[in-house]
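A.B. asks: Mind looking over this structure? Questions follow.
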Amino acid sequence: METFDVAIVGGGPAGSTCAAFCAAAGLRTLVLEREKFPREKVCGDCINPACWPVLERLELAEQIRNRPHGVLDAVEFIAMGGQKLRADLPRRDNGMISVKRSLFDHLLLERARTVGAEIREEATVIALDRTAAKNWKIDIVREAFAARIIVGADGRNSTVARLRNLLPRPERERVALQAHIPLPRDFGDRIVLQFLPEGYSGQAPVNDSELNLCLVGTPPTISSLRNWAEREFKLAAEQAWRTITPLTRAPVPAAHENLFFIGDAARVVEPFTGEGIYYALRSGELAANAIVRIIRGEDRRPAIREFTHAHRAMYRGRLWINQIARAAVLSPRFASQLLRVRPFSAPILGSLTKKITKPV
């Protein structure tokens, strides 16, 4: 049975980032990804300005800028009655852009491969146990591996967390649908967050011809939201949609003995704010820093303690914004009423937008 320094379950932004930094530091690194890349993922496709420093350290920033993407210079909030409120985004070289996840995630996974990580795609983890040597034994279909450290980077419904009896009970009060559709004429370089009686819609151009269209509602209302989208954007009834749930759940402790959780596997944040990719990239980098120290023989206790502190600090001062956003989504009528009170809502929304999109 082949033994690795670190095995990472999940090849999305968190897992690929962690793998790239671990492999670049000389660790024997394995990534187990259940799907075949490139693949699409339910996401708003927005790359927050806070992501750029991590992408620079991964030596990927220029490649991403050279791929098809949308440049976003404003967020427009639309109330149920049609009232609009616009908040400008900071304009700079490292501003907010939107990129299809099929392209973005594939670049990250290939970066991990290039610097030495072993990538196994279409590999589903079916069992996870400790060995007599206190390593991890990871079983996939018809094959097994051993690893000194394992990282759960496999999303909100983490198999690693489930197999270790750590997965919290999901909150299934909401469902998200997402599709890439033809870009409407004169849509502009903006993100649209539109409140509707059944929930909300997020819209952002991802290149010169495609619009990312997201719908978020509850199980009883999601079909009505889909019908609205078909009318609003003149979509065929057979339009294909990707779906995901839960949109939020309780966090999993990010560090255990020889076990780390990163990205959505550790904490799922409200997608309304578009910060998920940053949390994935940065948590992957933080975990890699701790893992490299442990594998090189440093005392694991301070390495884990410092990772845990930095992981918590990454969210500090920002999660309250997610709570406000979640409340607005669950009560779109109330959110729409706030948008109508411009002297009150304009400065608040502008301030929240700047806080979410500022570099870290």
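The values are calculated or read from the model by the stated rules, or taken from the named source; none is laboratory data. Everything numeric here is computed off the predicted structure, so don't read it as measured data. Virtual Cβ from ideal backbone geometry, glycine too; neighbours counted across all protein chains shown. Side chains are part of the model used for accessible areas, which takes the heavy atoms of the whole protein and leaves out ligands, DNA and RNA. Shrake-Rupley method; radii C 1.70, N 1.55, O 1.52, S 1.80 Å.
A.B. asks: Output the residue which, of all residues in the range 306-321 that are open to solvent by less than 20 Å² (accessible area, probe 1.4 Å) and at pLDDT 60 or above, is nearest to ALA288 (Cα to Cα).
C.D. replies: PHE307
A.B. asks: Residue under question is ARG231, and the condition is that it be in contact (Cβ under 8 Å) with a residue 12 or more places away in the chain, open to solvent by 50 Å² or more (accessible area, probe 1.4 Å) and part of a helix (DSSP H, G or I); does it hold?
C.D. replies: no
A.B. asks: Can you tell which of ALA132, ALA147, ALA153, ALA161 is open to solvent by less than 40 Å² (accessible area, probe 1.4 Å), over 25 Å from the mean Cα position of the chain (by Cα) and either modelled with pLDDT under 95 or within 11 Å of VAL9 (Cβ to Cβ) (or both)?
C.D. replies: Every option except ALA147 fails the conditions.
A.B. asks: Looking at the range 35-44, can you tell me whether even one residue there is open to solvent by less than 30 Å² (accessible area, probe 1.4 Å), within 18 Å of THR114 (Cβ to Cβ) and in contact with a helix residue (DSSP H, G or I) (Cβ under 8 Å, 6 or more places away or on another chain)?
C.D. replies: Yes, the conditions are met somewhere in the range 35-44.
A.B. asks: Just to be sure before I move on: is GLU198 in contact with a helix residue (DSSP H, G or I) (Cβ under 8 Å, 6 or more places away or on another chain), closer than 26 Å to SER98 by Cα and open to solvent by 40 Å² or more (accessible area, probe 1.4 Å) in the structure I sent?
C.D. replies: yes
A.B. asks: Of everything in the range 59-100, what is part of a strand (DSSP E or B) and either farther than 24 Å from VAL42 by Cα or small (Gly, Ala, Ser) (or both)? Give them in sequence order.
C.D. replies: Of everything in the range 59-100, those that are part of a strand (DSSP E or B) and either farther than 24 Å from VAL42 by Cα or small (Gly, Ala, Ser) (or both) turn out to be GLY70, ALA74, LYS84, LEU85, ARG86, ALA87, ASP88, SER98.
A.B. asks: Can you report the number of residues in the range 281-305 which are of a type in the set (Gly, Ala, Ser), over 26 Å from CYS46 (Cα atoms) and surrounded by 18 or more Cβ atoms within 10 Å (Cβ to Cβ)?
C.D. replies: Number satisfying all stated conditions: 2.
Let's see how each residue does on (1) touching a residue at least 40 places away in the same chain (Cβ under 8 Å); (2) more than 30 Å from GLN203 (Cβ to Cβ):
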site	(1), (2)
LEU107	yes, no
GLY116	yes, yes
ALA127	no, yes
ASN135	yes, yes
ILE140	yes, yes
ALA144	yes, yes
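A.B. asks: Looking only at the range 112-144, filter to residues that are assigned to a loop (DSSP other than H, G, I, E, B) and of a type in the set (A, V, I, L, M, F, W, C); which one of those is nearest to ARG28 (Cα to Cα)?
C.D. replies: Among them, the one singled out is ALA117.
A.B. asks: Among the residues of the range 160-182, write down those that are in contact with a Lys or Arg (Cβ under 8 Å, 6 or more places away or on another chain) and not hydrophobic (A, V, I, L, M, F, W, C).
C.D. replies: Those that are in contact with a Lys or Arg (Cβ under 8 Å, 6 or more places away or on another chain) and not hydrophobic (A, V, I, L, M, F, W, C): PRO168, ARG169, PRO170, GLU171, GLN178, HIS180.
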